[in-house]
Amino acid sequence: MNIATFLASFKPHASQTSTAEKLRSGLAGGIAILLLTLALHALPQARFPLLIVASMAASATLLYATPHSPLAQPWNLVGGHLVSALAGLACSALIADPTLAAGAAVGSAILLMELLSCLHPPSAATALMMVLGSSQLHDMNWQWAFAIVAVNVGISLLLALVINNLLPGRRYPMHALQGQTRPKPAPFITLEQTDIELALQQMNSEIDVSQEVLAEIYKLALQQAQIRIDREFPRVQQSKIKTRQ
C-alpha cells in the first residue's frame with residue numbers, strides 16, 4: 001500500500017442513504033432516549049433510583065441508524081448488555097485495582113458476547129460502567145445495579161420495536177432467511193461498482209460495511225462458487241457439456 005492509498009483510506013466512505021432517512025434516524029433516536037428517560041422516572045422507585053444507562057445512547061445509534069444490522073437485533077441488544085453488566089460486576093468484585101478491573105471487564109464482555117453470538121458494541125460501555133461508574137451506582141447492591149441495566153434494555157427494546165416499525169421502509173427485527181426462497185443469480189451476469197451503489201440507494205438504509213467491502217465479498221464469493229463448481233463438475237465434464245452445446 002502506497003502513501004496515497006493509505007491517506008485516501010482516511011476519507012469518509014460514501015453513504016447512499018437519503019437525507020430524509022438520516023433525519024428519521026436522528027429524530028427516532030432522540031425520541032427514544034426522551035421516552036426512555038420519562039419511563040424510568042415514571043416507574044416506581046425503590047430504595048435506589050432508576051438511572052438511565054449512558055450506553056443506551058450508543059445502542060440508540062445502532063437501533064435507529066442501522067436497524068437492519070445484525071448487531072442491532074433484539075438478542076444482541078438484550079444479551080449483549082446483560083452479559084456485559086454481569087462481566088463488569090464480577091470484575092469489579094474480584095479485582096481490587098480499578099484499572100485492571102476495567103480492562104478485564106471490557107475484555108471479558110467482548111469474549112462472552114462473541115461466545116454467545118450477541119455482539120453489541122455499546123454493551124462494552126455497560127461493563128466499563130459497572131467498574132468505573134458513579135459513586136451513586138457503587139453504593140447500590142449488585143442486584144439493583146443489574147436490575148437498572150435490565151430495565152433500561154427492556155424499555156429500549158420495546159421502543160425499538162414500536163418506533164422502527166412505524167417508520168417507512170423499516171422492519172425490526174430482521175427476519176431470518178431460513179425457509180424462505182432465496183433469489184438465484186442469473187447466469188453470465190457480473191456486477192460493477194455502480195450496480196452496488198444503485199442497490200444501496202434502493203435499500204436507503206445505513207449498513208455496517210462499505211461499498212468496497214461489499215465488492216470484495218462479492219469477488220470472494222465468486223471465487224468460492226468457482227471452486228465449488230470445479231469440485232462438483234470436473235473440468236473434463238464441463239468441457240464435454242460445452243462441446244454438446
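The values are calculated or read from the model by the stated rules, or taken from the named source; none is laboratory data. Because the structure is a prediction, the values reported are computed rather than measured. For neighbour counting, all protein chains shown are included, and Cβ atoms are generated from backbone atoms with ideal geometry for every residue, glycine included.
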- Message: Please verify whether Thr61 is surrounded by fewer than 19 Cβ atoms within 10 Å (Cβ to Cβ), hydroxyl-bearing (Ser, Thr, Tyr) and over 20 Å from the mean Cα position of the chain (by Cα), treating the condition exactly as stated.
- Response: no
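Can you name every residue in region 37-74 that is among the β-branched types (Val, Ile, Thr), closer than 12 Å to Ile155 by Cα and part of a helix (DSSP H, G or I)?
Thr37
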- Query: When residues of region 64-99 are filtered for being among the aromatic types (Phe, Trp, Tyr) and either crowded, with 17+ Cβ neighbours inside 10 Å or free of Cβ contacts under 8 Å to residues at least 12 places away in the same chain (or both), how many remain?
  - Reply: 1
- Applying the selection to region 33-50, what residues are touching a helix residue (DSSP H, G or I) at 6+ places or on another chain (Cβ under 8 Å) and either polar (S, T, N, Q) or modelled with pLDDT of 90 or more (or both)? Ile33, Leu35, Leu36, Ala39, Leu40, Leu43
- Item | Matching residues in region 105-127 - criterion: being among the small types (Gly, Ala, Ser) and in contact with a Gly (Cβ under 9 Å, 6 or more places away or on another chain) | Ala105, Ser108, Ala109, Ser117, Ser123, Ala124, Ala127
- Item | Pairs, first assigned by TED's automatic domain parsing to the domain that holds Trp75 in region 107-121, second assigned to a loop (DSSP other than H, G, I, E, B), C-beta under 7 Å, six or more apart | Met113/Leu119; Met113/His120
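Which of the helices (runs of 4 or more DSSP H) found entirely inside region 80-162 contain at least 3 residues meeting this: farther than 18 Å from Ala54 by Cα?
Result: 98-115.
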